[in-house]
Each structure stands twice: as structure tokens, then as C-alpha cells.
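The values are calculated or read from the model by the stated rules, or taken from the named source; none is laboratory data. These figures come from a predicted structure and were not determined experimentally. Heads up, the Cβs are rebuilt from the backbone with ideal geometry, glycines too, and the neighbour counts pull from every protein chain shown.
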Amino acid sequence: MRLLPVLNFRSMKALTFGLTFVRHGETQYNKEGLLQGQTIDVPLSDTGLQQAEAAGRYLKDVTFSDVFVSDMLRARQTAETIMKHNSSCLGLQMVLDPLLKEKSFGIAEGRPVKDMKEMAHAAGQSLLGFTPPKGETQEQVKERFKEFLEKMLQQIGAERWHDGGQDETSVPAPPRTSPVEGKADDGVGGVPVHTLVVTHGAYMCVAVRYFVEELHCSLPPGCDKARAFSLSPNTGLCRFILTMRGEDNRFMLSGLRCVFVHRGDHVKQ
């Protein structure tokens, strides 16, 4: 059993780190407009593999210190492809976490998205607020993400605190950049800790909405809530800068800012 370092919260008050979400590459189900959720666990299509390669090339010079990945095949393949291009990932092992699984769409899985739209309409509900029988509600997915976030904060804090702890007032504000395109290291240049999370489209929608609506995360110029809460393209990227502080032998989130959302210019290139 690996022993964690003894932490001195009095001498180091805050740790700033980057968090980059990547949606998995395209699958044949994505191409055909079919819902996958949790029961459909298919590999990437040829296009999806090309998208993952493009994401890997785009991120090849970005330094990562941790990699967390949904345990579903399409996410694992995407993460493996990104990591093989990145020298900072050579000594890293991806952590597969079922908390990062896609939202469950219940009986709608394997069926066209339009079927769920029709089910929602028949129930007198919006598509976003509708839960198919045996599926997960938005609230349940949010609770899963909150559990992952808490676990990630404690792990990164315990393992990385001494890599970059500093007085909270000295933490520089991340640069404000375009939400659509830009440099691969936007916002994380000089940031000592940077976490890669490879997950799913609906899950990312819930995570971003939670950050913005409940944790009051600021959005970059040119990005409104409608865009922030939209579905990310396959291998689309969202990046946030988080600050944590140590308190009563635990790590608490004390600052949060969005650098960009749903960036996909690497695929267009």
C-alpha cells in the first residue's frame, strides 16, 4: 500500500491545476444517430480513430500529470490514442473510472435519437428534462460527476500538493481565450498539474452545466450558456482551471474558470 505524504496546509495554501475534458471519437452508432448510453459498448469507427489521432496530434506537446477515463471502449480507445502521441503520458497509467460512464438512456439505448425526442414530446417534456424508463435522470448523472470530482480533488491534492502549492492570492488568472480555436496549451502554460479526462457527450453536458450553474464558473468571451450547454463534437475539448485549498486535512475547490468549451478545430484541420 502506497503511503501518501504528510501535508502541511499552513505552509502551502492553494494548488492550481488544469482540467481538460475530451469527448470520445465517433462510433458507427454516432454516425447513424443512434443512442449508445451504457449498454452499447462499441469501438470507434474509422472516422472516430482518425478523430482520436487528430486530437492526439493536437495535444502532443501539452503536459498531463493524470489521466482519468470512462471504462467504456470508445473512451478507452480515444484515450489510448491521445496518450501514445504525448511524451508526458509515457510514465502515466490511465485510471478507468465507471463514474465517467455515459448517461444511461434506459430503453432508448440502441434506438434513434428521434425516438427519444418523440417519447419526450409524448410525455409533455423537453428532451433535456426527459428520462426514458430505466434511464438516468440529469440529477443522477450530476451526482455521479460530483462524486468523481470529489475523488479526483482528494487524489490530486494528496499526490500533487507539493508540486505546486502556493499562496492563493498569488495564483495568476488564466488567459481569456477563444472558445472555438486556439493553441493546444491555452490556459495551462506553466500550470504545474494538468488532468486529462476522456468521457462522453451527455456526461460532459452535465459536468459543464454543473460548473457554470451551481459552482458559478465564468465563461470566456464569445461563449454564452447556450453554447456552453450544447453537445460537444466527437473529440471536442473543454478546459477549466481549478484552484483547491487545504482545509481540515481535506482539499476543497476554491476557484474555477473556463478557458474554452467544445473546441474541435483539430478535427477540421
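Things to note:
- Residues in region 104-138 that are within 20 Å of ALA226 (Cβ to Cβ), of a type in the set (S, T, N, Q) and free of Cβ contacts under 8 Å to residues at least 12 places away in the same chain: GLN125, SER126.
- Taking the criterion of being in contact with a His (Cβ under 9 Å, 6 or more places away or on another chain) and over 29 Å from GLY135 (Cβ atoms), the only residue of region 186-222 that qualifies is VAL188.
- Residues in region 256-269 that are buried (at least 18 other Cβ atoms within 10 Å of the Cβ) and either of a type in the set (Asp, Glu) or within 22 Å of ALA14 (Cα to Cα) (or both): ARG257, CYS258, VAL259.
For (1) among the basic types (Lys, Arg); (2) buried (at least 18 other Cβ atoms within 10 Å of the Cβ); (3) over 17 Å from the mean Cα position of the chain (by Cα); (4) not in a helix (DSSP H, G or I), each residue gets a yes or a no:
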| residue | (1), (2), (3), (4) |
| --- | --- |
| GLY37 | no, yes, no, yes |
| ASP71 | no, no, no, yes |
| ARG74 | yes, yes, no, no |
| THR81 | no, yes, no, no |
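- Picking from residues in region 139-148 that are free of Cβ contacts under 8 Å to residues at least 12 places away in the same chain and surrounded by 13 or more Cβ atoms within 10 Å (Cβ to Cβ), the one that is farthest from ILE40 (Cα to Cα) is GLU143.
- Residues (at pLDDT below 95, within 17 Å of ARG209 (Cα to Cα) and not aromatic (Phe, Trp, Tyr)) located in region 97-136: SER126, LEU127, LEU128, GLY129
- Leading residue by the ranking (farthest from the chain's Cα centre (by Cα)) among those in region 253-265 that are in contact (Cβ under 8 Å) with a residue 60 or more places away in the chain and under 22 Å from HIS162 (Cα atoms): SER254
- Qualifying residue in region 97-107 (condition: under 19 Å from PHE148 (Cβ atoms), among the polar types (S, T, N, Q) and surrounded by fewer than 19 Cβ atoms within 10 Å (Cβ to Cβ)): no
- Per-region count, region 212-233, residues buried (at least 18 other Cβ atoms within 10 Å of the Cβ) and either under 20 Å from PHE64 (Cβ atoms) or out of contact with any strand residue (DSSP E or B) (no Cβ under 9 Å at 6 or more places or on another chain) (or both): 1
- Considering residues of region 83-96 that are farther than 25 Å from LYS151 by Cβ and at pLDDT 95 or above only, the residue surrounded by the most Cβ atoms within 10 Å (Cβ to Cβ): HIS85
- Scanning region 126-138 for residues that are loosely packed, with under 15 Cβ neighbours inside 10 Å and touching a helix residue (DSSP H, G or I) at 6+ places or on another chain (Cβ under 9 Å) yields a total of 6.
- Among the conditions (1) more than 16 Å from the chain's Cα centre (by Cα); (2) on the phi > 0 side of the Ramachandran plot, the only one that THR235 does not satisfy is (1).
- Residue tally, condition closer than 15 Å to GLY56 by Cα and either part of a loop (DSSP other than H, G, I, E, B) or small (Gly, Ala, Ser) (or both), over region 232-248: 3
- Residues in region 87-122 that are in contact with a strand residue (DSSP E or B) (Cβ under 8 Å, 6 or more places away or on another chain) and not charged (D, E, K, R): CYS89, LEU92, GLN93, MET94, VAL95, LEU96, LEU100, GLY110, PRO112, VAL113.
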